[in-house]
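The values are calculated or read from the model by the stated rules, or taken from the named source; none is laboratory data. As the structure is a prediction and not an experimental result, all values here were calculated from the model. Note that we place each Cβ from the backbone using ideal geometry, even for glycine, and neighbour counts take in every protein chain shown. We work out accessible area using only protein heavy atoms, side chains counted, and drop any ligands, DNA or RNA first. Shrake-Rupley method; radii C 1.70, N 1.55, O 1.52, S 1.80 Å.
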Amino acid sequence: MKIRLIISALAMILFVSCAKKEETKEEETSEYVVEYEGRKVDLQPFFEGFPYSNFQAYYKTGKIFYYKAGDITSLNYTDLNNPDFENGTQVTDIDYSLRNVWSNKYNPNDNSIYWMGDEVNDEKIDLFRLNLETNKVEKLTDVPYIFGWNFNKDKNQIAYIVRLGELEDREGELRIMSLENGTSSTIIKDSPEYRFTWANPSVSPNNNYIIASVLKNTDRTKANLMLIDVDKGKGNIITDTKKGRFFPDILSTWIDNGSKVLYTSDEDGYKNVYSYDIYKGKTMQVTKFTEDVANAEIATIEGKDYLVVNTSNPIESTLYLVDPISGDIVTNKKYPFTMEFKDIEEGKLLAQLNGATTMFRIEEITLSPTGFTESTKADLPKELKDKIINADVEKVEFPTFDIDPATGKQRMIHAFLYKPKDSLPKDKQRVLIQSFYGGSNTYNVREQILTNAGMYVLSPSPRGSSGFGKDFFALNDKDLGGNEILDIIYAAKYISEKLDIPAERVGVHGGSHGGYAVMRLLTFPGEVNGHKDDFSFGFGIAHAGFSDIIHFYEHCNIPDWVTLEAGDPATEKEKLNSRSPLYNAYDMEGRLLLTHGINDSRVPIEGSRFMADSLRKYKKDVTLQEYEGMGHHIKGLENSVRQYKTWFDFIQDDGKTEEKK
């Protein structure tokens, strides 16, 4: 059931009738005010000041579609050339906080938006269609899970990859759906040697061939591409199976008169773009960057096809215009942001920009062989920026325990340090460390809210993080709970000394893999992989984490992730149990807050429940908060506000207040 939180005294004013408009306004916003160490933190600007997210723009519609959080999370649209998000048009009455929506695309043939997603945050993934004339949502499939989908060139067919069964019963199918009559036909089934996996398939312009992504023996590091003959229902592997690669992406647009398909692969150490000629059977590496490609699309400029691609690192993005036939770089430009392509048409690119101190901006970039020019389509008002940007951000790095073979010196770990503009008194200062998925140059409302309250936040990129090349990304493979944990222990020692904050006021937080890492850090036995080290964290906050690795493997919808990151449960049971926080619960130090969505099928809630039950038996300080109707993420205005209220109450409690159950 939903946890009912204790409402602050200020929020109780909501029940008092007031005559003055000024008092009414205060009542309406008081529910967003929380107290932390004697200061009031107003959450209203973060959630109601700009309650919009998940932007998607389509040139052919002339609109920007987005979510607006309120009593429900609604789908709205506004004019692309004169956006007004506050007064946008609501499309349906569906609450999108209660479902997942991924990989949405527009089809001008029927003026509809298509996507794959679920209906109750349970990640039972199907295909859906929203008609923009009738505002009716239609469910097009009824299957357990869809890995990816795409239109053909004429947008009258959909190719999609279905996953059926789990673990040893898992199998997949490539299907084609006719949008004229809604019927689907199976083209080919996968095999135990090559299983279909996450990626949008790509259909050749003549509809004769489809390129799909497969895993060799379900190993995520051995992803390959399969060329499928639609009429014959047969497939051939077109990538070098001796080279390792991780989840290649396949571009929708084919080049050179439809003879070549483009895809990304990290087989040379970084994610680059390659082409494959289906008639000649030849592969060419189009780009040779030493930074990972983040986005890649084909744009036709003055009758010629160009590859528009951007690379990214934790500091900046670089946008390139590349000749896809020769691989020559035509022009490029650096941007101090993370960049996400939204749409591209007739030499114009719509991109959403984001950074540690930039929440939102949509730019239209005019593409030309002579250079790029930008025009801002949408931005935040300065008054709101001043309220939601509360941190001074510093790029830092710190040494960890091992030697980097590339330099022969101590390995250095990248991080961003978020420093409050108005810090608390020295004896009240705390720092919260992100346990995984950190270090990126993106705006995060969590960091800004915490620094607004006077806390410091360290967001590091431990081994296994993306953005630093294939080798660094693979450093934690088969080592879940091992050296990646030591990196965070060294992060804690570094920041505790740098800020002169004692261990009891150093906390750690994370979600999913990061939620596991939080529990692992608080129960760490002091040694792993022959290296002894430890840090006595004062507290931890774990969202949607797993506490028993083998149980997680047996009940999640991503078992191949477990075998890649942790190892094989069939042959490495002892190691996996030793690294499962559940079996080290007796040794937990500090306080632990667990939060989890009840409908989570990616990381089932039992992982948090088991941990809470075990810790309570050992009289440890643990709190479990469950979210009804939520899946792997906490969504919706009400749930978000409650979550932060819980965070602040927990962090400043210091274990002095008896838990209210």
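Descriptive notes on the structure:
- Test: residue in the range 160-174 that is out of contact with any Leu (no Cβ under 8 Å at 6 or more places or on another chain) and farther than 27 Å from HIS555 by Cα: no
- Residues of the range 541-561 satisfying the condition of being open to solvent by less than 30 Å² (accessible area, probe 1.4 Å) and without any contact (Cβ under 8 Å) to a residue 60 or more places away in the chain: ILE550, PHE552, CYS556, ILE558
- Residues (polar (S, T, N, Q), assigned to a strand (DSSP E or B) and farther than 18 Å from PRO205 by Cα) located in the range 259-309: THR264, SER265, ASN272, THR283, GLN285, ASN295
- Contact map, the range 366-394: residues that are in contact (Cβ under 8 Å) with a residue 24 or more places away in the chain paired with residues that are exposed (fewer than 14 other Cβ atoms within 10 Å of the Cβ) and of a type in the set (A, V, I, L, M, F, W, C), Cβ distance under 7 Å, separation 6+ or inter-chain. No pairs are found.
- Total residues in the range 307-329, condition open to solvent by 10 Å² or more (accessible area, probe 1.4 Å) and among the β-branched types (Val, Ile, Thr): 3
- Elements of the type helices (runs of 4 or more DSSP H) sitting completely within the range 433-513 and holding at least 2 residues that are more than 30 Å from GLN352 (Cβ to Cβ): these cover 483-499.
This table checks each residue for (1) over 22 Å from the mean Cα position of the chain (by Cα); (2) closer than 21 Å to TYR320 by Cα.
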site	(1), (2)
ARG220	no, no
ALA223	no, no
ASP229	yes, no
PRO248	no, yes
LYS260	yes, yes
ASP266	no, yes
LYS282	yes, no
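- Selection count, the range 100-122, where residues are open to solvent by 30 Å² or more (accessible area, probe 1.4 Å), closer than 22 Å to LYS63 by Cα and not in a strand (DSSP E or B): 4
- Residue, nearest to ASN208 (Cα to Cα), within the range 165-177, restricted to residues that are assigned to a strand (DSSP E or B) and open to solvent by 30 Å² or more (accessible area, probe 1.4 Å): ARG175
- All strands (runs of 3 or more DSSP E) inside the range 310-377 with 1 or more residues being among the aromatic types (Phe, Trp, Tyr) and closer than 30 Å to GLN448 by Cα: 329-335, 338-345, 358-368
- Every listed requirement among (1) surrounded by fewer than 19 Cβ atoms within 10 Å (Cβ to Cβ); (2) of a type in the set (Val, Ile, Thr); (3) within 19 Å of the chain's Cα centre (by Cα) is met by ILE598 save one, (3).
- Residue in the range 62-99 that is surrounded by the fewest Cβ atoms within 10 Å (Cβ to Cβ), counting only those that are touching a Phe, Trp or Tyr at 6+ places or on another chain (Cβ under 9 Å) and of a type in the set (S, T, N, Q): THR89
Okay, residues lined up against (1) at pLDDT 95 or above; (2) closer than 17 Å to GLY507 by Cβ; (3) surrounded by 21 or more Cβ atoms within 10 Å (Cβ to Cβ):
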| residue | (1), (2), (3) |
| --- | --- |
| PRO405 | no, no, no |
| GLN410 | yes, no, no |
| ALA415 | yes, yes, yes |
| LYS419 | yes, yes, no |
| VAL431 | yes, yes, yes |
| SER435 | yes, yes, yes |
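- Test result for ILE362, of a type in the set (A, V, I, L, M, F, W, C), open to solvent by 50 Å² or more (accessible area, probe 1.4 Å) and touching a strand residue (DSSP E or B) at 6+ places or on another chain (Cβ under 9 Å): no
- Subset tally (residues that are assigned to a loop (DSSP other than H, G, I, E, B) and of a type in the set (A, V, I, L, M, F, W, C)) for the range 178-198: 2
- Residue in the range 199-212 that is over 23 Å from LYS282 (Cα atoms), part of a loop (DSSP other than H, G, I, E, B) and not acidic (Asp, Glu) present: no
- If you go through the range 271-297 and keep only what is of a type in the set (Gly, Ala, Ser) and crowded, with 18+ Cβ neighbours inside 10 Å, you end up with SER275, ALA294, ALA296.
- The range 73-87, subset assigned to a loop (DSSP other than H, G, I, E, B) and touching a residue at least 60 places away in the same chain (Cβ under 8 Å), residue nearest to the chain's Cα centre (by Cα): PHE85
- Restricting attention to the range 284-337, the residues being of a type in the set (A, V, I, L, M, F, W, C) and within 21 Å of the chain's Cα centre (by Cα) number 6.
- So ASN207, is it among the polar types (S, T, N, Q), open to solvent by 40 Å² or more (accessible area, probe 1.4 Å) and modelled with pLDDT of 95 or more: yes
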